[in-house]
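The values are calculated or read from the model by the stated rules, or taken from the named source; none is laboratory data. Just so we're clear, the structure is a prediction, and the values are computed from it rather than from any experiment. Reconstructed Cβ throughout: ideal geometry from the backbone, glycine too, with neighbour counts over all protein chains shown. Note: areas computed on protein heavy atoms with side chains; ligands, DNA, RNA excluded. Shrake-Rupley method; radii C 1.70, N 1.55, O 1.52, S 1.80 Å.
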Amino acid sequence: MPKVAGVDSSTQSCKIVVADADTGEVLDERVAAHPDGTECPPDAWWSALREAAEGLLDDVAAIGVAGQQHGMVTLDEAGEVVRPALLWNDTRSAAAALRLVQLLGPAGWAEAVGSVPLASMTVSKLAWLAEHEPANAERVARVMLPHDYLTWELCGRPDQPVTDRGDASGTAYWSPVTGDYRTDLLQLALGRTPELPKVLGPAEPAGETGSAGLNGVVGPGTLVSAGTGDNMGAALGLGIEPGDVVVSLGTSGTVFAVHDKPSTDPTGIVAGFADATGRFLPLVCTLNAARVLTATANMLGVDLAGLERLAREAAPGAGGLVLLPYLDGERTPNLPDAAGSLHNLRRGTMTPANMARAAVEGMLCGLADGLDAVRAQGVTVRRVLLIGGAARSEAVRSAAPTVFGVPVTVPPPAEYVALGAARQAAWALAGSAAPPSWSLGESVVRDEVDEAAGERIRSAYAQARTALHPGD
């Protein structure tokens, strides 16, 4: 029974799961915190990985890393970090993204790399660096993504760093269609072309841990898989197939599905990513998801359990209240400087229960718009798989089928990004044509779709959004 490990290096923490390579049964897991903020020294991720791995990985045969997408890791000629990494949720590069879009036009970018640059994407962050920190930009000899950096460290800092097609597709300077870097677009952003990681195939190993292992925490010669981005890791961990659409309610909200052909959405709503299996992963991301519920609970003076009770007391539609949940700006629609707003306030409906319900429905409506956008790219939507911290809320589970308009399946709580990284490690270890078949366990199915209520909720949300932001 070989064991494999998967790492989820997210915005907030490093999570590691150890699983049976044949069945996917989780044998152990651990977590270590990351610093808060929208930029982070990459060695903090490495320290957290070592902390979480202590005493956990002695007998694993392979390890894989899935990391937060888009983060800009820059190294100089000596392999030293130039500046703290800018993370996906750092919006200071919004103006740089807009200038890049104007140079090629939205359709030009979508055709070239499957995505229209946003503040979150690596190409925009490099353009910001060139404009605002030219001395640092001049020092950049090599650019990586967060998972690339950790894979590089695990392999003992080899001369040739590697990545995978899934994470590379989030840079906006690698083409899912051709499978090649667009160094001309990198040149456009940074003014020069630094070294980039080699893009590996889905089951291709990145290498092995160095002679000293992971500082003695994992043995030398442990196989390291290519790794991938966090959303691609979640898709692999869930084992999604055509007809499945994942809605993840974590720090950010994401809507994604596997597809057999690349997406090129000139509106920029759908990012045309690649996945970790050789297929494609059209994806919509919102900045605001589970934290909408946390912020609303704080405002109402209750904990999350209290918010849950309040939301379930209110009828669908929240008495007409609509929350536009742009509490941290927004990526989809592209409104980095927007703020949240509450609409249709009336004396008779201004109750804590309606406010709690409006928070749940507002969060879900933003993601339902993403579901519509993915469907418009030719993706078949038969069911939604609901994951992430907020998917544990009964109020969210009961409202989701009505807001989304399709049945909802809630898989058992698990660290699916880390599981996906572990499944990739098992795949690389086996050297098989397809990843191993792992069971998710018993899921909760919610198929109570109230179409009339869903239309009312979505219509009220659309009216509020259009009134406040007419172009979106």
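Across the accessible surface of the range 196-290, with the other protein chains kept in place and a 1.4 Å probe, carbon and sulfur atoms take up 51 percent.
For the chain, the share of DSSP beta bridges that are antiparallel, to the nearest 5, is 65%. Counted residue by residue at 0.36 nm each, then reduced by the alpha carbon distance between them, the extension gain from GLU442 to THR38 reaches 141.8 nm. Have a look at ALA94, ALA433, VAL65 and report the one farthest towards the positive end of the charge dipole of the chain, computed about the Cα centre with Cβ charges (Lys/Arg +1, Asp/Glu -1). Checking the options against the dipole of the chain, the answer is ALA94. Seen through its C-alpha gyration tensor, with square-root eigenvalues sorted a ≥ b ≥ c, the range 177-253 comes out oblate because a/c lies at 1.5 or above while a/b is not bigger than b/c. For the chain, relative contact order (Cα pairs under 8 Å, six or more residues apart, normalised by length) works out to 17 percent. The modelled label-to-label distance between ASP260 and LEU300, using points 7 Å beyond Cα along the C-beta direction, is 4.5 nm.
Just so you know, the Cα atoms of the chain work out to an Rg and Dmax of 21.5, 69 Å. Note on the range 97-228: semi-axes of the ellipsoid equivalent to its C-alpha gyration tensor, largest first and rounded to whole Å, are 30, 17, 10.
Protection proxy ranking for 339-345, 403-409, using the average of other Cβ atoms within 10 Å per residue and placing the highest first: 403-409, 339-345.
Peptide packing for 163-173, 144-154 was compared via the average number of neighbouring C-beta atoms within 10 Å per residue; ordered from the highest value, the list is 163-173, 144-154. Values of log10 I(q)/I(0) for the range 74-125 across q = 0.13, 0.22, 0.24, 0.30 Å⁻¹ run -0.38, -0.78, -0.85, -1.05, by the Debye formula with one identical scatterer at each alpha carbon and no solvent.
Sequence-distant contacts, meaning Cα pairs under 8 Å at least 6 residues apart, place the relative contact order of the range 1-110 at 26 percent. With only the Cα atoms considered, the range 321-472 has a convex hull volume of 149 Å³ per residue. According to the square roots a ≥ b ≥ c of the eigenvalues of the Cα gyration tensor, what is the shape class of the range 133-201, taking rounded for a/c under 1.5, prolate for a/b larger than b/c otherwise, and oblate for the remainder? Oblate, since a/c reaches 1.5 and b/c is not below a/b. Magnitude of the charge dipole for the chain, about its Cα centre and with charges confined to Cβ atoms of Lys, Arg (+1) and Asp, Glu (-1), is about 1220 debye. In this structure the amide hydrogen of GLU208, modeled in the peptide plane, comes within under 5 Å of the amide hydrogens of VAL224, none closer than 5 places in sequence on its chain. Dipole orientation for the chain: of the candidates GLY388, ALA276, LEU154, GLY388 has the Cα lying most toward the positive pole (charges on Cβ; Lys, Arg +1; Asp, Glu -1). Is the shape of the range 211-321 best called rounded, prolate or oblate, per the rule: a/c under 1.5 gives rounded, else a/b larger than b/c gives prolate, else oblate, with a ≥ b ≥ c the square roots of the Cα gyration tensor eigenvalues? Verdict is oblate for the range 211-321. Farthest towards the positive end of the charge dipole of the range 124-241, among the residues ASN231, GLY221, PRO202, is the Cα of GLY221, using unit charges on the Cβ of Lys, Arg, Asp and Glu. Packing here is the average count of other Cβ atoms within 10 Å per residue, and on that basis the peptides 374-387, 413-426, 325-338, 35-48, highest first, run 413-426, 325-338, 374-387, 35-48. Entry note, the range 328-472: relative contact order of 23 percent, from Cα contacts under 8 Å with a spacing of 6+ residues. What is the percent carbon and sulfur in the accessible area of the range 395-472, measuring with a 1.4 Å probe over the protein chains and ignoring ligands? Carbon-and-sulfur percentage of accessible area, whole number: 51.
For the range 312-408, the dipole from Cβ point charges (+1 on Lys and Arg, -1 on Asp and Glu) about the Cα centre works out to 340 debye, to the nearest 20. Candidate cross-link partners of LYS3 among the aspartates and glutamates, defined by an alpha-carbon separation under 12 Å and a same-chain spacing of 8 or more, comprise ASP20, ASP22, GLU25, ASP28, ASP58, ASP59. Taking the 1.4 Å solvent-accessible surface of the range 22-65 as the whole, the part contributed by carbon and sulfur is 44%.
Taking 12 Å as the straight-line reach from the Cα of LYS261, the aspartates and glutamates in range (excluding those fewer than 8 positions away in the same chain) are ASP275. Taking all protein chains into account, the per residue accessible area for the chain stands at 37 Å² (1.4 Å probe).
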